[in-house]
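Worksheet: one structure, shown below.
The values are calculated or read from the model by the stated rules, or taken from the named source; none is laboratory data. Quick caveat: nothing in here was measured; it's all calculated off a predicted structure. Positions of Cβ are backbone-derived with ideal geometry, glycine not excepted, and every protein chain shown enters the neighbour counts. Please note that ligands, DNA and RNA were not included when accessible areas were found on the heavy atoms of the full protein model with its side chains. Shrake-Rupley method; radii C 1.70, N 1.55, O 1.52, S 1.80 Å.
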Amino acid sequence: MLTGLEDITVATLVMVLLAGLAAGWIDAVVGGGGLLQLPVLLMVPGITPVQALATNKLGSVFGTTTSAITYYRRIHPDLSTALPMAVVALGGSFGGAIVATLLPAEVIKPVILLALVGVAVFTAARPQLGRDSGLRYEGRRHLAVALLIGAVIGFYDGVLGPGTGTFLVISLVAILGYTFLQGSAQAKIVNLFTNLGAIAFFLPSGHILLGLGLVLGVANMVGGYLGARMAIRRGSGFIRIVFLVVVFVLIVKLGYDFVADWA
């Protein structure tokens with residue numbers, strides 16, 4: 001049964017569609033679209049937080065699939081790195097989703113907040129970062145570092161989630177040496193698998209509202225396609241600017257949550 005649409009008003013449905021469109025665009029460029037999409041889902045009458053989180057993952061997987069295909073057709077990302085990294089990230093995401101039921105998110109938020117501040121300062125202080133490709137590792141060492149990044153960020157996506165795509169992009173750029181455009185292209189493939197890992201946990205448990213998730217998915221697909229096309233056309237400099245804006249919003253959002261948790 002396509003659940004989630006029974007009691008939703010036209011106004012709320014329009015908000016969900018607009019949020020899905022915008023989130024798909026943001027995710028396609030630098031990640032972090034869930035910051036917009038998830039709060040709107042929580043406005044749906046009768047939805048629980050875990051249903052909102054699970055439905056958000058279903059909607060997002062349509063957007064990440066679309067943007068990943070768009071990037072692949074035009075940028076041809078390094079699949080020998082992206083695919084193994086994605087498989088490891090899928091396992092990490094599934095494991096993280098299990099741990100999320102045992103570990104309070106409040107324990108992790110301060111660490112993530114500090115990490116984001118560091119990422120913002122590091123990126124802002126290095127304007128040439130991600131403009132030119134200069135891979136820092138070769139062969140097995142390159143793959144080993146990529147797998148470690150995939151496992152850690154995949155696990156984080158399962159446990160908490162906000163900014164997963166953003167962390168993937170900056171890791172691929174700052175640690176492995178890809179340009180922002182190449183990093184975004186590879187991040188979409190990895191992020192697709194982390195979403196699938198979370199869905200593999202949430203779907204059998206019945207938390208996903210299929211009707212609402214599919215509607216959200218259509219909006220995400222459109223946003224993901226438009227975002228990927230714009231990122232490809234405008235290049236790494238444009239992605240860097242959007243990246244810094246999204247990181248700033250993430251810092252404000254997680255900072256607010258941290259203060260609210262301790263208030």
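Being under 16 Å from Ala187 (Cα atoms) and surrounded by 15 or more Cβ atoms within 10 Å (Cβ to Cβ) is the filter; apply it to region 234-243 and report the residue that is modelled with the lowest pLDDT.
Within region 234-243, the match that is modelled with the lowest pLDDT is Phe243.
This table checks each residue for (1) in contact with a Leu (Cβ under 9 Å, 6 or more places away or on another chain); (2) at pLDDT 90 or above; (3) open to solvent by 60 Å² or more (accessible area, probe 1.4 Å); (4) in a helix (DSSP H, G or I).
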| residue | (1), (2), (3), (4) |
| --- | --- |
| Ala54 | yes, no, no, yes |
| Phe62 | yes, yes, yes, yes |
| Arg73 | no, yes, yes, yes |
| Met85 | yes, yes, no, yes |
| Gly92 | no, yes, no, yes |
| Leu103 | no, no, yes, no |
| Gly118 | no, no, no, yes |
| Ile149 | yes, yes, no, yes |
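What is the number of the single condition among (1) more than 13 Å from the chain's Cα centre (by Cα); (2) modelled with pLDDT under 90; (3) not in a helix (DSSP H, G or I) that Tyr178 does not meet?
Result: Tyr178 fails condition (2) only.
Give Leu143, Leu196, Leu160, Leu129 a once-over and let me know the one that is modelled with pLDDT under 80 and out of contact with any Gly (no Cβ under 9 Å at 6 or more places or on another chain).
Leu129
Please go through region 171-190 and give me each residue that is open to solvent by 10 Å² or more (accessible area, probe 1.4 Å) and farther than 16 Å from His142 by Cα, ordered by number.
Leu181, Ile189, listed by residue number.
Identify, from the list Val259, Val218, the residue that is open to solvent by 20 Å² or more (accessible area, probe 1.4 Å) and either at pLDDT 85 or above or touching a Ser or Thr at 6+ places or on another chain (Cβ under 6 Å) (or both).
Val218
Yes or no: Val246 modelled with pLDDT under 90, touching a Gly at 6+ places or on another chain (Cβ under 8 Å) and hydrophobic (A, V, I, L, M, F, W, C)?
Considered against the rule, which asks whether it is modelled with pLDDT under 90, touching a Gly at 6+ places or on another chain (Cβ under 8 Å) and hydrophobic (A, V, I, L, M, F, W, C), Val246 comes out as yes.
From the list Ile232, Ile239, pick out the single residue that is more than 27 Å from Ile98 (Cα to Cα) and either among the acidic types (Asp, Glu) or touching a Lys or Arg at 6+ places or on another chain (Cβ under 7 Å) (or both).
Details: Ile239 fails: either among the acidic types (Asp, Glu) or touching a Lys or Arg at 6+ places or on another chain (Cβ under 7 Å) (or both).
Going through Ile232, Ile239 in turn, the sole match is Ile232.
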